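K.L.:
Take a look at this one; I'll ask things after.
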Amino acid sequence: MDLHDYKDVAENYDLYLDVMYKDVDNHSGFQDFYLDFAKEYGKDGVIDIACGTGAVLLYLADHGIMADGTDLSEAMCQVANDKAKAKGYNLNIFPANMTEFRSNRKYSCAIIARSGFMHLLTPRLQREALLNIRENLVDGGMLTFNTFDPNPIFQAEQMNTKDTDYSLRLEYTNKQGNREKIYNAITYDPYTQIMSGNWKFETLDENGAVIEERVRPLKMRQTYRQEMEYLLELTGYEIVNVYGGYQKESSEGSAKNVIWCVRKR
């Protein structure tokens, strides 16, 4: 993926993410979860990997933790950096792939918030990312990231849909002041464990007529817990906690959000 991609997404990301987290997805408390994690483990430095436009990064800064940030998208990094400077923060935010980034320091705490890790589409890429992050951690450094528990009911439904079977996800007002509707369509391949789909953005005029349409592809890989446990063992981590949500719910049974907290061995 080109590091310059997604400028149109980046400029509106915060606006529709705010609607999604409040009204669509259950992400209540996600920023406080990462703040607590950084406070507990970040005494020797924190890095927010796949930082996007800074939802976690700037929340940490607002609470006195000046973390570094990196993201695959240069446009996302630019938005995050502009927001940081507007708040008077001088943060180290740089575009890079989590499988190969390097910094001029090592960290005691690394965060991959929300679904960032799931954009690694093969076990090889997951392994490369975990090994690379390990190289950027001090001995005993901590990493947290999320996966979803694969749900066979949803998988069966998604195996029978196409990536053009759109359903309305949300509606919000974009940076230009126009209403915009976001639709998504998802299919599932059980052999690769990849959810493939498209996000369709429709920009509306004041009468509700569509004046612009654009489509962005999205792929995420689902990972079974036993698979992840073995991968963590192979890449030199020990599991400290596994939560079923941002309120540190039990991970017993199926969980939409599986939050891994692991330590570099």
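K.L.:
Once neighbouring chains are kept in place and the probe is 1.4 Å, which whole percent of the accessible area of the chain is contributed by carbon and sulfur?
P.N.:
Details: 6160 of 12960 Å².
Within the chain, the accessible surface is 48 percent carbon and sulfur.
K.L.:
Please list 3J(HN,Hα) in residue order for region 51-63, calculated via the Karplus relation 6.51 cos²θ - 1.76 cosθ + 1.60 where θ = phi - 60°; whole Hz, with x for glycine and proline.
P.N.:
Ordered by residue, 3J(HN,Hα) equals 6, x, 8, x, 4, 8, 3, 6, 5, 4, 4, 4, 10 Hz.
K.L.:
Okay, which of region 242-265 sit inside 19 Å, backbone N to the point 7 Å along the Cα-Cβ direction of residue 229?
P.N.:
Only 242-245, 249-265 fall inside the zone, counting backbone N under 19 Å.
K.L.:
A further question on this structure: Could you order the peptides 142-150, 218-226, 78-86, 154-162 from most to least packed, using the average number of other C-beta atoms within 10 Å per residue? Show your work: numbers first, answer last.
P.N.:
Values: 142-150: 21.7, 218-226: 16.1, 78-86: 17.9, 154-162: 13.2.
The peptides rank, most packed first, as 142-150, 78-86, 218-226, 154-162.
K.L.:
Using only the heavy atoms of the protein chains and a 1.4 Å probe, how would 179, 214, 124 rank by accessible area, largest first?
P.N.:
On the way: 179 95, 214 40, 124 140 Å².
If we order 179, 214, 124 from most to least accessible, we get 124, 179, 214.
K.L.:
Rounded to the nearest 0.05, what FRET efficiency do residue 82 and residue 40 have when you use their Cβ-Cβ distance and R0 = 35 Å? Could the numbers behind the result be given before it?
P.N.:
Working: r = 30 Å, r/R0 = 0.85.
Efficiency for this residue pair is about 0.75.
K.L.:
Residue by residue through region 137-145, what is 3J(HN,Hα) from phi via Karplus (6.51 cos²θ - 1.76 cosθ + 1.60, θ = phi - 60°)? Round to whole Hz and write x for glycine and proline.
P.N.:
Those phi angles translate into 9, 6, 4, x, x, 10, 10, 10, 7 Hz.
K.L.:
If you don't mind, there's one more thing I want to ask. Given a 1.4 Å probe, how much area per residue of the chain is accessible, in Å²? Before the final figure, lay out each step's value.
P.N.:
Working: 12960 Å² over 265 residues.
That works out to 49 Å² for each residue.
K.L.:
Shape verdict for the chain, please, from the Cα gyration tensor: rounded (a/c under 1.5), prolate (a/b greater than b/c) or oblate. Intermediate values should be presented prior to the final figure.
P.N.:
Values: a/c = 1.79, a/b = 1.22, b/c = 1.47.
Oblate, since a/c reaches 1.5 and b/c is not below a/b.
K.L.:
Could you give the length gained on full extension between residue 204 and residue 125, defined as 0.36 nm per residue of separation minus the Cα-Cα distance, in nm?
P.N.:
Details: separation 79, 0.36 × 79 = 28.44 nm, distance 3.86 nm.
Answer, rounded to one decimal: 24.6 nm.
K.L.:
Working with all protein chains in place, sort 199, 260 by solvent-accessible area computed with a 1.4 Å probe, largest first. The partial results should precede the final answer.
P.N.:
Values: 199 45, 260 0 Å².
Reading off the accessible areas and sorting them downward yields 199, 260.
K.L.:
Ok, one more. Given the chain, what percent of its DSSP beta bridges are antiparallel, to the nearest 5?
P.N.:
75 percent
K.L.:
What nm distance separates the two modelled labels at residue 90 and residue 215, each placed 7 Å from Cα along Cα→Cβ?
P.N.:
Result: 4.7 nm between the two label points.
The values are calculated or read from the model by the stated rules, or taken from the named source; none is laboratory data. For clarity, every value in this text was computed on a predicted model and none was experimentally measured. A quick note on method: Cβ atoms are made from the backbone with ideal geometry, for glycine too, and the neighbour counts reach across all protein chains shown. In case anyone asks, the SASA skips ligands and DNA or RNA and just uses the protein heavy atoms, side chains included. Shrake-Rupley method; radii C 1.70, N 1.55, O 1.52, S 1.80 Å.
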